[in-house]
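For reference, the structure is listed below as structure tokens.
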Amino acid sequence: MSFLQLTDVTKFYGSTCAVQSMNLSVEKGEFVSLLGPSGCGKTTTLQMVAGFEAVSSGRIALAGRDITHAKANTRGLGIVFQSYALFPHMTVADNVSFGLEMRKVPKSERKERVAQALGLVHLEKHAGRYPRELSGGQRQRVALARALVIEPPVLLLDEPLSNLDAKLREEMQFELRQIQRKVGTTTVMVTHDQSEAMSISDRVVVMEAGRATQIDHPHRVYEHPRTRFISTFVGKANLVPGQVTTASATHTHVGAGPIEVRVEGAQFRPGAAVLLSVRPEKLQLVPAVQGRIDGEVCERFFLGSQWLYRVGTGMGDLMVLAPNDGRSALEEGERTGLDWPDHCMRLLPAQEAALAD
Ligand code: ATP
């Protein structure tokens, strides 16, 4: 059995189903992110694990113990919210020490553990300051130290970095991951930021309208999105409607515009309406007539390390990300060919629905 296990966890608010039959197994030491757009049920899921919201049905187990109906304060979990929720009248050290005092940890041990926790987040020198004397990033680190100092079995993070500016947020992402690796605390984080979830997590739970539609390693989610929504929410994707012409045990052929596209795998029957999905960076610009399809550059955008092109083709407009090699780029109006490796094409059902297992 996994360290933290959610089995068929469902939450209704009146007639609104906020979370529907959530099944999730988190291993000890794992960092799992709940990722999805606003209102998809991420926070509600976390709140049920924390014990702040009652489940409508289903079961939550921690280290083999059923905690479905256990009071929040008996679960002993570490929690960090977006708002930090530090006590403004207490110093950094007292904020971090608070949870230990509540647990009646002796003073000498408290001092040692607070110093250790502050060392972990590089705030030893700020122990005597008040929250108002700290930057946003420092406050967030105090909140993290306060949650970690009690050595919780599970650390729950709800959008912990969303109050920080973009650069600090990126720095804190790496720091958070480093600290989590060092301490080894099993962590569940809520975020709506796909790049944050992808870069920090061991596994990502993508949620859509209360349901977990894909639970997988970040690389798998990116390379093999299971729904149309995931293919565009996690990274960018070109989606081209098509129809399956033939399907063998290992390959599927799809008619898309003027060409037939070969796709690895066989999930669909001939005649099925599908969407071809391909990432912009998987499309290669080749000389006109040498590609699988030709097109014309309609627009181009300079992104620094890359160029983003919109190329009009018989399959529709395709976005192409090409590395900036320092030489001249294609001009708007120029003809180009497009090529791609077979294994980079994915198939999704034309109807917006999750693929069955
Ligand atoms: P966000 O990223 O905006 O915080 P979320 O993915 O965390 O969104 P939840 O806060 O879990 O989403 O909300 C899921 C659904 O449940 C939403 O439709 C929301 O309106 C509803 N909901 C959440 N809390 C309550 C509540 N206390 N009473 C009624 N409905 C609620």
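Of note:
- Counting only helices (runs of 4 or more DSSP H) that sit wholly inside segment 1-103, those with at least 2 residues that are among the hydrophobic types (A, V, I, L, M, F, W, C) are 42-50, 92-102.
- Inside segment 126-185, residues that are in a helix (DSSP H, G or I) and among the small types (Gly, Ala, Ser) make up a count of 6.
- Any chance Arg139 is crowded, with 19+ Cβ neighbours inside 10 Å, within 18 Å of Ala72 (Cβ to Cβ) and touching a residue at least 12 places away in the same chain (Cβ under 8 Å): no
Residue by residue, here is whether (1) of a type in the set (Phe, Trp, Tyr); (2) outside the structural domain of Leu155 (by TED's automatic domain parsing); (3) surrounded by fewer than 21 Cβ atoms within 10 Å (Cβ to Cβ) holds:
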{"residue": "Ser25", "(1), (2), (3)": "no, no, yes"}
{"residue": "Lys42", "(1), (2), (3)": "no, no, no"}
{"residue": "Val49", "(1), (2), (3)": "no, no, no"}
{"residue": "Ile60", "(1), (2), (3)": "no, no, no"}
{"residue": "Leu77", "(1), (2), (3)": "no, no, no"}
{"residue": "Ala85", "(1), (2), (3)": "no, no, yes"}
{"residue": "Met90", "(1), (2), (3)": "no, no, yes"}
{"residue": "Phe98", "(1), (2), (3)": "yes, no, yes"}
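- Matching residues in segment 187-221 - criterion: being within 15 Å of the ligand (Cβ to nearest atom), of a type in the set (S, T, N, Q) and assigned to a strand (DSSP E or B): Thr191, Thr213
- For segment 113-126, the condition holds for no residue, the condition being that it is assigned by TED's automatic domain parsing to the domain that holds Gly78, surrounded by 14 or more Cβ atoms within 10 Å (Cβ to Cβ) and more than 33 Å from the chain's Cα centre (by Cα).
- Single residue of segment 145-172 satisfying the filter (buried (at least 22 other Cβ atoms within 10 Å of the Cβ) and within 16 Å of the ligand (Cβ to nearest atom)) that is nearest to Leu62 (Cα to Cα): Leu156
- Residue check for Ala237: buried (at least 20 other Cβ atoms within 10 Å of the Cβ), under 29 Å from Leu308 (Cβ atoms) and more than 16 Å from the chain's Cα centre (by Cα): yes
- Hits in segment 1-29 (condition: within 15 Å of the ligand (Cβ to nearest atom), small (Gly, Ala, Ser) and in contact (Cβ under 8 Å) with a residue 12 or more places away in the chain): Ala18, Ser21
- Exclusive hit being surrounded by 14 or more Cβ atoms within 10 Å (Cβ to Cβ) and at pLDDT 95 or above, set Gly265, Gly291, Gly316, Gly257: Gly316
- Residues of segment 83-92 that turn out to be modelled with pLDDT of 90 or more and either hydroxyl-bearing (Ser, Thr, Tyr) or more than 32 Å from the chain's Cα centre (by Cα) (or both), as a count: 3
- Condition met for Val183 (over 23 Å from Cys344 (Cβ atoms), touching an Asp or Glu at 6+ places or on another chain (Cβ under 8 Å) and of a type in the set (A, V, I, L, M)): no
- Whichever residue in segment 30-42 is touching a helix residue (DSSP H, G or I) at 6+ places or on another chain (Cβ under 6 Å) and near the ligand (Cβ under 9 Å from one of its atoms) and, among such residues, is farthest from Met189 (Cα to Cα): Gly36
- Close pairs (8 angstrom Cβ cut-off, 6 or more residues apart or separate chains): in the same structural domain as Thr250 (by TED's automatic domain parsing) in segment 267-283, among the hydroxyl-bearing types (Ser, Thr, Tyr) and surrounded by 21 or more Cβ atoms within 10 Å (Cβ to Cβ) anywhere: Gln267/Thr252; Phe268/Thr252; Ser277/Ser231
- Here Gly304 passes the criteria (1) without any contact (Cβ under 8 Å) to a residue 40 or more places away in the chain; (2) assigned to a loop (DSSP other than H, G, I, E, B); (3) of a type outside the set (Lys, Arg); (4) surrounded by 12 or more Cβ atoms within 10 Å (Cβ to Cβ) except the one numbered (4).
- Those residues of segment 43-65 which are free of Cβ contacts under 8 Å to residues at least 12 places away in the same chain and either among the β-branched types (Val, Ile, Thr) or within 16 Å of the ligand (Cβ to nearest atom) (or both), in sequence order: Gln47
The values are calculated or read from the model by the stated rules, or taken from the named source; none is laboratory data. Computed from a predicted model, the values in this text were never measured in an experiment. Counting neighbours? That spans all protein chains shown, and the Cβs are built from the backbone with ideal geometry, glycine included.
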